[in-house]
Amino acid sequence: MENGINNKMETVEQYISKADDQAKKIYMDRIWRMEKDAIFHELMRVHGESSKLLLRAEKEIAYLKSLLDGPEDGDARH
């Protein structure tokens, strides 16, 4: 891919990294402008979302363990 600004070839990963960096900057700028109660609300939102992700991951781990620990029926385990 050609970058028109400096004519260097960049990979998709570099573009994604730049997008991630830009998203982080926008998010942090938004947080910086918030009042204390809005920051607390955002903190609780993020905490809730992370709890959901952890619960989903724990369920997935339990499911995968059940597949590994299940009854052996010949071809079930490789």
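We did not get these values from a lab; they are worked out from the coordinates using the rules stated. The shown structure was predicted, so the numbers you read here are calculated from the model rather than taken from an experiment. Cβ placement follows ideal geometry from the backbone for every residue including glycine, while neighbour counts extend to all protein chains displayed.
A compact table of results
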| quantity | calculated |
| --- | --- |
| In Hz, Karplus ³J(HN,Hα) per residue of the range 49-66 (6.51, -1.76, 1.60; θ = phi - 60°; x = Gly, Pro) | 5, 5, 5, 4, 5, 5, 4, 4, 5, 4, 5, 5, 4, 4, 5, 5, 5, 5 |
| Simple label model, 7 Å out from Cα along Cβ direction - F40 to S17, nm | 4.0 |
